[in-house]
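Trainee: Take this structure, written in structure tokens, and hold onto it; I'll ask about it next.
Only the coordinates and a few stated rules stand behind these numbers; no lab work does. Values in this document were obtained by computation on a predicted structure and should not be read as measured data. When we count neighbours, we look across all protein chains shown, and the Cβ atoms used for this are built from the backbone with ideal geometry, even at glycine.
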Amino acid sequence: MQSLILAGVDPADAERLAAVASLDPATRVAPLPGGITNRNYRVDLPTGPVVVRLSDPESSDLAIDRHHEYLNTLAAARSGAGAPVVDYLQGAGVLIVGWIEGRTFGSTDVAEPANLPRIADACRMLHAGPRFASTFDMFAIQARYRSLVRERGYRLPGRYDDFVPMVERMRIAMGAHPEPTVPCNNDLLAANFIDDGQRIWLIDYEYSGNNEASFELGNIWSESTLPDDLLSLLVESYWGRATPELVARARLWAMMSQYGWTLWAAIQEAISPIDFDYWTWGLEKYERAVEAFDSPEFEGWLDAVGGA
């Protein structure tokens with residue numbers, strides 16, 4: 001296989017790929033674009049193409065458990081929402097899944113109103129599937145990230161800790177009437193949707209865990225920077241209604257995801273070997289979180305979920 005590695009494949013990754021028995025014999029290997037936590041490759045085998053995800057031990061700083069990712073990817077495949085698992089090398093940072101033939105979405109695709117009911121259908125399929133092996137709580141993850149940033153002296157954007165009391169109010173208000181948790185992807189940026197022409201698939205389960213469906217919806221809305229009216233449409237497409245309580249809950253989860261992923265970016269800026277401007281990426285999310293914290297609508301969102 002070594003002689004088949006194409007230009008553009010990291011030499012260290014080439015060695016790791018060559019050592020995977022299930023990838024022999026490969027006929028072609030090519031890096032896949034995107035991915036700001038791992039490196040992903042398409043490997044063509046006589047039986048068809050697969051996607052190989054290579055991860056590094058440092059990703060544990062990001063609250064990623066690779067064995068849980070594997071188990072949850074299996075569960076997502078059983079639900080019908082995710083690709084089948086082909087191979088997994090525990091402790092080696094190698095996960096191989098089946099190739100899905102289709103078009104990877106961009107943010108403009110997510111912003112197309114006609115696609116939101118299709119996205120909601122895919123989410124409901126995943127959420128109705130087998131329970132995941134792990135849980136995902138952005139309040140707990142944000143606190144873990146903040147401790148790590150503090151301990152290691154990573155940089156923070158201005159005013160970050162000023163919003164801690166407001167985050168605590170969010171936690172209390174949203175905890176008053178929690179939703180039942182369901183298996184969620186929790187990281188549905190546009191590139192994690194693949195449209196095969198008939199339906200939408202959900203890929204990449206490294207941040208997956210049982211969580212509220214409203215987090216999934218709010219995070220989708222946030223990751224593609226959708227306008228406010230499309231949050232209501234997404235909520236209605238998923239739940240069959242867009243009550244003030246449901247929309248406010250998704251909106252607050254979107255804020256919390258922005259606030260938490262800001263710290264993810266601060267950590268990645270310090271530890272990641274991938275050539276990507278994490279700071280600018282995180283700051284864009286943080287600025288939108290600040291705008292929401294400073295918004296006169298914030299109190300209304302709290303009231304809506306606290307009294308739901």
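Trainee: Each residue of segment 108-113 in order: what ³J(HN,Hα) in whole Hz does its phi give by Karplus 6.51 cos²θ - 1.76 cosθ + 1.60, θ = phi - 60°, with x for Gly and Pro?
Mentor: 5, 5, 5, 6, 6, x
Trainee: Taking amide hydrogens as modeled 1.01 Å from N in the peptide plane, which residues meet the under 5 Å criterion relative to ASN210, leaving out close sequence neighbours?
Mentor: Correct list: PHE132, SER134, THR135, PHE136, CYS184.
Trainee: Through the Karplus equation 6.51 cos²θ - 1.76 cosθ + 1.60, θ set to phi - 60°, convert the phi angles of segment 93-100 into ³J(HN,Hα) values in whole Hz; use x for Gly and Pro.
Mentor: x, 10, 10, 10, 10, x, 7, 9
Trainee: Name the residues whose placed amide hydrogens come within less than 5 Å of the amide hydrogen of LEU45, ignoring near sequence neighbours (fewer than 5 apart) on the same chain.
Mentor: Under 5 Å from the amide H of LEU45: THR27, VAL50.
Trainee: Divide by every residue of the chain the summed helix terms, -39500 (n - 2.57) for each DSSP H run of at least 4, and state the resulting mean residue ellipticity at 222 nm, rounded to the nearest 500 deg cm²/dmol.
Mentor: Calculated from helices alone, the mean residue ellipticity at 222 nm is -14500 deg cm²/dmol.
Trainee: Kindly put HIS177, HIS127 in sequence by how many other C-beta atoms sit within 10 Å of each C-beta, fewest to most.
Mentor: Ranked by crowding around the Cβ, least crowded first: HIS177, HIS127.
Trainee: Could I ask something else about it? Counting other beta carbons within 10 Å of each residue's own, what order do THR135, THR37 fall into, fewest first?
Mentor: With the sparsest Cβ surroundings first, the list reads THR135, THR37.
Trainee: Whose amide H sits under 5 Å from the amide H of VAL86, counting only residues 5 or more places off or on another chain, with H placed in the peptide plane?
Mentor: Placed amide hydrogens put ILE96, VAL97, GLY98 under 5 Å from VAL86.
Trainee: Are there trypsin sites (Lys or Arg not before Pro) in segment 200-308 that DSSP marks as loop and that have at most 11 other Cβ atoms within 10 Å, and which are they?
Mentor: Here the sparse-neighbourhood loop sites are ARG241.
Trainee: As a footprinting exposure proxy, order CYS184, CYS123 by other Cβ within 10 Å, with the fewest listed first.
Mentor: CYS123, CYS184
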